[in-house]
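The values are calculated or read from the model by the stated rules, or taken from the named source; none is laboratory data. What you are looking at is a predicted structure, and each value in this text was computed from that prediction instead of being measured. Every residue, glycine as well, gets a Cβ built from its backbone with ideal geometry; the counts of neighbours run over all protein chains shown.
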Amino acid sequence: MRQRQYIVLILILAIVFITAGCGRKKPPFLPKKEIPIRVEHLDAVWENGVFHLKGMVLFPEGGKEKMPPISGCRVYYAFYAQNSPPCEGCPIDFAVLREIEGTVVAEKEFSCDISMKKKKGIHFFKVCLTGKNGEKGPLSDRAKAIIVDD
């Protein structure tokens, strides 16, 4: 009888520890540093087989500190057909379209070109600046471009 109580107690403790031990485990590494600079007022324009993305670079509060080295940007992209646009305020599922290396910031202006095949529909873009060591900045506002004819 005594042995049965121990087995029940061990089973109860095992169940408690198993349910309490679940969850996401992260590797023991420090997260990469974030770039405090973001792109605001992003605009996308289709011209001659290229989307021209432009925006203003916003520095963090407290003035213009020493600008961290920016090596490029990461462009996020989503596409919808014209007959099935997302509702206003609905979340849009963005995927990484391209990582661009090179100069994308001059003074306080952001600019980059994305070449792609012309596709009739609604194109959405977001960008974040990237640093030399893989650091990422916050996401920009989303830009929307509509192509009506092929």
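Determine which member of the set 149, 141, 113 is surrounded by fewer than 18 Cβ atoms within 10 Å (Cβ to Cβ), in contact with a Leu (Cβ under 6 Å, 6 or more places away or on another chain) and of a type outside the set (Ser, Thr, Tyr). Just a single option satisfies the conditions, and that option is 141. Taking region 116-134 as the search range and keeping residues that are charged (D, E, K, R) and within 16 Å of residue 72 (Cβ to Cβ), which one is surrounded by the fewest Cβ atoms within 10 Å (Cβ to Cβ)? Once the filter is applied, the top-ranked residue is 132. Take the conditions (1) surrounded by 14 or more Cβ atoms within 10 Å (Cβ to Cβ); (2) within 13 Å of the chain's Cα centre (by Cα); residue 93 misses just one of them, which is (1). Residues in region 40-76 that are basic (Lys, Arg) and over 21 Å from the mean Cα position of the chain (by Cα) were compared, and the one that is modelled with the highest pLDDT is 66.
Residue by residue, here is whether (1) modelled with pLDDT under 90; (2) not charged (D, E, K, R) holds:
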site	(1), (2)
78	no, yes
89	yes, yes
97	yes, yes
112	no, yes
144	no, no
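The residues on offer are 126, 54, and the sole one that is touching a residue at least 24 places away in the same chain (Cβ under 8 Å), under 23 Å from residue 33 (Cα atoms) and basic (Lys, Arg) is 126.
Residue count for region 96-107 satisfying the condition of being assigned to a loop (DSSP other than H, G, I, E, B) and exposed (fewer than 12 other Cβ atoms within 10 Å of the Cβ): 3.
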